[in-house]
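Chemist: One structure, pasted below without further comment.
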Amino acid sequence: MTTDSVKPLNKIEELTQPLPELIPPLDPAASEHYLNRELSHIQFNFRVLQQALDETHPLINRLMFCCIFSSNMDEFFEIRVAGLRQQMKYGRESVGPDGMLPEQLLNEISKVAHDYIHAQYDILNNVLIPAMEEQDIHFVRRRDWTPEQAAWVQRYFEEEILPVVNPIGLDPSHPFPRLVNKSLNFIVELDGKDAFGRETGMAIVPAPRSLPRLVRLPDDVCNGGNNLVFLSSMIHAHADELFPGMEIKGCYQFRLTRNADLELEDDLEDLASALRGELLSRRFGDGVRLEVADNCPDELMNFLLREFGLTERDLYKVHGPVNLTRLMAVGGLVDRPDLTYPGFSSSVPKQIRNKELIFDAIRQQPVLLLHPFESFTPVIDFLRQAAKDPQVLAIRQTLYRTGADSEIVEALVDAARRGKEVTAVIELRARFDEAENLELASRLQEAGVIVVYGVVGYKTHAKMILIVRREEGRLKRYVHLGTGNYHAGNARLYTDYSLLSCDDALGDDVNKLFQQLTGMGKALKIKKLFHAPFTLHRRLIELIEREAGHGDKGHIIFKINALTDPDVMQALYRASQAGVRIQLIIRGICCLRPGIEGLSENIHVRSIIGRFLEHTRVYYFGNHGKPEVYCSSADAMVRNLVNRVEVAFPVEDRDLSARLREDLEAYLADNCQSWVLQPDGSYVQNQPGPDEERFAAQTVLLDRLTSK
C-alpha cells in the first residue's frame, strides 16, 4: 500500500485512537539524582593530587600539590569521617539527599581513599622524586649515606634528637601512651632485658614535635646539589641508642588521625572559656585512621589497630613517610626559584592610585578587586586611613581567619588607641584557627576594642567592614564586603572579590547587620543585601525560580566552592527542566548530577584547579536581558545558608557588573585547568583541541589584571 492510498482518519476516529503514553517528568527530589557529599569531597582532593602530574606547573609546586592532598585528606578524616563514625557510635545516623547510610558510606570512602593514597605514593616515588633527582634535589636514604654524612647524622642525633626524644617501653606499669593527633611515632620491637630486668618486647617512640621532619645536609658533607634527610631516617638509624643493651628487631613509623571536630553546646555562658577547654581535647579525640609503614609486620599493625579501636578498613599502609604534608618544607630548604611559580606584582586600580584618600576614590565610583591578581593592600589602607583620619568616628568589622599579628589588626588597634569607637565581631570557631582567634580577641580587648563573639549556634562567616565618617556636616558610611577572609596571606593564594562602596542603602544594611550581631532584637528590614540565616536561602531560590519563568531565555551562572543544599539543587533542576541554561563553576563538592535527560541536560558543571585556590562566590542571573549579579561569603550549602551569618551583596555598577561577567566567561572558557562533571559523578579534564590554543583562566586573569 502506498502512502497516497492511506485513508485519513475522520474526527471521530481520531478521538477513539489510543493516546500516546505520557512519560512523567523526572522527580527533582529523587535520591538517584544526587551525588554523595563525602565522595564528591574526596574526588576534589584527588583532582588536587593530579596537579602533581601536570608538567605545566613548576616541579616544586607539583610537590606542593602532593602535600596539599595530604593536608586535605587529614582534615577529611578528622572532620567528615569522624562525623560519620560519631553518628554510628551514638545512634544518630542521618542520610543526605543521595540516601546513602553512614556504614555503607564509610566502606565506600575507605575503598576510594585507599586507591587515592596508593596513587599519591606512586606519584611521589615514581614521578616526583626522580624528577627532583634530575634537578639535583636528593632525598638521601640511609643506605646511601656516605661515611661523612653518617657521621654528621650521628652528631645531629646526639645533639638535637636524643636530648628531647622520650621512648616509652610497654609493660604493666607503662600502658600504651596517649599519642597526639597526627604525630609521628615509631613502634619498636625489642629483644632482651633492660636495667630493671624487664622484658617488654615492645616500645613506642614519639618523634619530638619541636624538630623539623626534613633536614638539609650541610654542603661540606655532600658532593653538590641539595641533599635532604628525613627525621624518621635518623631515628631509624639510631634507634638502638634509645634502648642501650637491647636488640632492635624492628622499628616502624606510624601516625594516628583523630576526631578533631569541636562540639559546643548552644546554651554556653562563656563561649571563649568553653572553647579553650575543647581545644585541649582536640588533640586526643577518638582515632579514625591509622597510617603505618608498609614494611611493618602484620602482628604489630593488628596490635596498633586494637589499641586505637580501629579495623582493617581504617588501616593505610604507605610506602614512604607517613606525613607527606611535612614535605612542604622543601620549598624553604632549597634555593631553586626556577622550580617554583614566578613572582608577580598585584595591581592597584588607577582609580585608587590617583587619589590621596581612598574615601575620595570610593565616592567617585565603587571599587571591585579580584585578589590576588589585584592587591589586597587597598583593603588594608581602607582601615589604616580610617584609623588615622580625624573625620572617622567608628569602625566595625567581622573577623573569621585573620591572625593576631596582621596589618588589619594593627589598624584596628591603632584606631582604638586614637579614641575611635571600634567593634570587632570575632568568630572564635573558625575551624583550626580557634586558638589564634582567642589570642586575637585578647589583643584587641587590651587595646580597647569592643569584642563580640557573634551568635552562639550560628558561625559569623560574613566579611564586612563599616566605617562611619563625618563629611560636610553629616555622617557618611563606607563599607567593604568580601567573599574571602581578612587575611593578607590568603589574599595572595586564594581568589576572592572585594567591594568598596559608599552606597547609602548598602551602608545602612551593613549597619543593621552589625546591630543584629552585637545587640539583641528582631531581624531588621534589609534593603539590598541577602543575609543568612534570614533571607539568603529564600532569595536565591526565588531568583532561580524567576529565571525558570524565562524558560529557554533564562541564564544562570554560579561560581562557588560547593553545592550541597537540596532546596537549591531542586530549584536548579526545575529551572533546567524549564529550559534555562545553567553554568556552574564549582571548585569542590557538587551533589547535583548534570546532563540527565529530562532533568538536568541544561546544567553544565566544571571545576577549576590551578595555581590559586578558587574561593570567589558569584551568583549571576540573566533576568531576561537585565542581569543581576551578587557576590557572597556563602556557598550553596545548608550550613552556609541556614546555620551561619552570611551575606550576599549586589554589584550594581554597570561597569563592575560587566567586568564580573567577563571574569566568569574566562573561567567558562578554560580548556586545560578545568574538569567537567559527568552524570555518573566522575570528572573529565578539558584539553585544548588540535587547532585550539591553551586557555588557562587563572593565567589569563593574571596577565590581564597584573599588567595594568
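The values are calculated or read from the model by the stated rules, or taken from the named source; none is laboratory data. Only a predicted model underlies this, so the values are computations on that prediction, with no experimental measurement involved. Positions of Cβ are generated from backbone atoms using ideal geometry, with glycine treated the same way; all protein chains shown enter the neighbour counts. Note: accessible area is taken over every heavy atom of the protein model, side chains too, but ligands, DNA and RNA are not part of it. Shrake-Rupley method; radii C 1.70, N 1.55, O 1.52, S 1.80 Å.
Chemist: Hey, among Ile585, Ile589, Ile608, which residue is in contact with a strand residue (DSSP E or B) (Cβ under 9 Å, 6 or more places away or on another chain), open to solvent by 10 Å² or more (accessible area, probe 1.4 Å), over 21 Å from Pro25 (Cβ atoms) and not charged (D, E, K, R)?
Modeler: On inspection, the qualifying residue turns out to be Ile589.
Chemist: Next question, about the same structure. Scan the range 664-681 and tell me whether some residue there is in contact with an Asp or Glu (Cβ under 7 Å, 6 or more places away or on another chain) and within 30 Å of Asp98 (Cβ to Cβ).
Modeler: The answer is no; no qualifying residue exists.
Chemist: So which residues in the range 212-241 are more than 19 Å from Ile137 (Cβ to Cβ), open to solvent by 20 Å² or more (accessible area, probe 1.4 Å) and either within 30 Å of the chain's Cα centre (by Cα) or of a type in the set (A, V, I, L, M, F, W, C) (or both)?
Modeler: Listed by number, the list holds a single entry, Ala237.
Chemist: Looking only at residues that are assigned to a strand (DSSP E or B), touching a His at 6+ places or on another chain (Cβ under 7 Å) and open to solvent by 10 Å² or more (accessible area, probe 1.4 Å) in the range 627-657, which one is nearest to Thr398 (Cα to Cα)? Walk me through how you get there before you give the answer.
Modeler: So the first thing to find is which residues in the range 627-657 are assigned to a strand (DSSP E or B), and the list is 628-632, 636, 644-650.
This time we only want the ones that are touching a His at 6+ places or on another chain (Cβ under 7 Å), so: 644-647.
Retained after the next criterion (residues that are open to solvent by 10 Å² or more (accessible area, probe 1.4 Å)): 644-645.
Working: Arg644: 13, Val645: 11 Å.
Residue satisfying both the conditions and the ranking: Val645.
Chemist: I've got another one for you. Enumerate the pairs (first residue in the range 239-256 and closer than 21 Å to Arg178 by Cα and in contact (Cβ under 8 Å) with a residue 12 or more places away in the chain; second residue anywhere and among the small types (Gly, Ala, Ser) and part of a loop (DSSP other than H, G, I, E, B)) with beta-carbon separation below 8 Å, excluding pairs fewer than 6 apart on the same chain, so at least 6 apart or on different chains.
Modeler: From the range 239-256, the pairs are Arg255/Ser183; Leu256/Ser183.
Chemist: Restricting the search to the range 593-605, which residues are under 23 Å from the mean Cα position of the chain (by Cα) and open to solvent by less than 10 Å² (accessible area, probe 1.4 Å)?
Modeler: Matches in the range 593-605: Val605 only.
Chemist: Under 6 Å between Cβ atoms, at least 6 apart or on separate chains: pull out the pairs that start in the range 440-458 with a residue that is of a type in the set (Lys, Arg) and open to solvent by 50 Å² or more (accessible area, probe 1.4 Å) and end on any residue that is modelled with pLDDT under 85 and assigned to a loop (DSSP other than H, G, I, E, B).
Modeler: From residues that are of a type in the set (Lys, Arg) and open to solvent by 50 Å² or more (accessible area, probe 1.4 Å), the pairs are Arg443/Ala404.
Residue-by-condition table, conditions (1) under 26 Å from the mean Cα position of the chain (by Cα); (2) at pLDDT below 95; (3) closer than 28 Å to Gly622 by Cβ:
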| site | (1), (2), (3) |
| --- | --- |
| Thr495 | yes, no, yes |
| Ser498 | yes, no, yes |
| Gly507 | no, no, no |
| Gln516 | no, yes, no |
| Lys522 | no, yes, no |
| Leu529 | yes, no, yes |
| Leu540 | yes, no, yes |
| Leu543 | no, no, yes |
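Chemist: Here is a further query. In the range 504-547, what residues are polar (S, T, N, Q) and in a helix (DSSP H, G or I)?
Modeler: Selection gives Asn511, Gln515, Gln516, Thr518.
Chemist: Go through the range 111-143 residue by residue and tally those that are over 18 Å from Leu184 (Cβ atoms), modelled with pLDDT of 95 or more, of a type outside the set (A, V, I, L, M) and part of a helix (DSSP H, G or I).
Modeler: Of the residues in that region, 11 qualify.
This table checks each residue for (1) in a helix (DSSP H, G or I); (2) basic (Lys, Arg); (3) more than 22 Å from Thr564 (Cβ to Cβ).
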{"residue": "His57", "(1), (2), (3)": "no, no, yes"}
{"residue": "Asn61", "(1), (2), (3)": "yes, no, yes"}
{"residue": "Met64", "(1), (2), (3)": "yes, no, yes"}
{"residue": "Cys67", "(1), (2), (3)": "yes, no, yes"}
{"residue": "Asp74", "(1), (2), (3)": "yes, no, no"}
{"residue": "Gln86", "(1), (2), (3)": "yes, no, no"}
{"residue": "Gly96", "(1), (2), (3)": "no, no, no"}
{"residue": "Gly99", "(1), (2), (3)": "no, no, no"}
